[in-house]
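S.K.: Dumping the structure here so I can ask a few things about it.
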Amino acid sequence: MPAVELILLQRVENLGQMGEIVKVKPGYARNYLLPQLKAIRASKSNRERFEQQRAQLEAQNIKRREEAERVAERVVGISVVVIRQAGESGSLYGSVSARDIAEATTAAGLSVTRDQVVLGHPIKLLGLAQVRVVLHPEVSIPVTVNVARSAEEAERQARGERAVAVEEADEQPEIDAAAMFEPGAEQPEA
């Protein structure tokens with residue numbers, strides 16, 4: 001299928017800046033950019049309308065970015081705790097999703113949606129993990145996610161202690177292989 005030409009209405013990561021005309025695959029345009037109002041089709045009438053409204057759109061974008069920067073300054077270094085069940089090795093029964101992080105972040109005082117949470121990889125272990133919360137296409141903040149089995153364990157992890165206790169190896173006496181065989185007994189052939 002041929003690529004679709006779109007005019008970006010805001011900055012889109014790994015694609016372009018506001019006002020740029022980009023070519024993307026039809027599915028990406030139809031399923032993401034157009035419904036999210038991140039772009040419009042680059043028809044002649046839309047190009048003219050965009051150029052007429054460009055100053056207004058850029059002013060709105062700058063205002064929203066400054067607002068997001070103020071919020072980012074207020075909540076710098078935010079950390080949230082997510083309580084989950086896990087096995088003895090520290091592996092979670094399931095994983096921590098973007099929705100879980102969004103709910104915990106909202107409870108901590110920063111109202112975000114799951115779409116704003118960017119997970120680099122699934123969180124499937126106890127411990128501290130860094131995720132990114134995108135407040136504006138040009139402003140994002142790091143959020144520390146503390147995944148623990150209990151509030152006490154989360155406090156220990158926050159202090160830098162390990163969540164999963166490393167079990168000490170049981171002291172086993174060294175076994176002398178020669179002593180295990182009776183003297184003079186035939187050795188089994190390998």
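We did not get these values from a lab; they are worked out from the coordinates using the rules stated. As the structure is a computational prediction, the values presented were derived from the model and not from experiment. Ideal geometry is used to build each Cβ from the backbone, glycine not excepted, and the neighbour counts take in all protein chains shown.
S.K.: Using the 2.2 N^0.38 Å rule of thumb for compact globular proteins, work out how the chain stacks up: its C-alpha Rg over that value, please. The partial results should precede the final answer.
M.R.: On the way: Rg = 27.3 Å, N = 190, 2.2 N^0.38 = 16.2 Å.
In units of the globular-protein estimate, the chain measures up at 1.69.
S.K.: Also, I was wondering about something else. GNM on the chain, C-alpha springs below 10 Å: top fluctuator among S95, S43, S79?
M.R.: S43
S.K.: Helix-only mean residue ellipticity at 222 nm, the chain, DSSP H runs n ≥ 4 weighted -39,500 (n - 2.57), per residue, nearest 500. What is it?
M.R.: Dividing the helical sum by the residues of the chain leaves -9000 deg cm²/dmol.
S.K.: Same structure again: Do any GluC sites (Glu not before Pro) in region 1-47 lie in a loop, going by DSSP, with at most 16 other beta-carbon atoms within 10 Å of their beta carbon, and if so which? Please list the in-between numbers first.
M.R.: Details: sites: E5, E13, E20; in loops: E13, E20.
Here the sparse-neighbourhood loop sites are E13, E20.
S.K.: Sort out for me the Cα centre separation of region 18-63 from region 87-135, rounded to whole Å.
M.R.: Measuring centre to centre over Cα atoms gives 31 Å.
S.K.: Okay, next question. When the chain is treated as a GNM, springs tying every alpha-carbon pair under 10 Å, which of Q60, Q130, Q157 comes out with the largest mean-square fluctuation?
M.R.: Q60
S.K.: Then there's this: Roughly what % of DSSP beta bridges within the chain run antiparallel, to the nearest 5?
M.R.: Percentage antiparallel, nearest 5: 80.
S.K.: Which is farthest toward the positive dipole end of the chain among G127, T105, I21, measuring Cα position about the Cα centre, with Cβ charges +1 (Lys, Arg) and -1 (Asp, Glu)?
M.R.: I21
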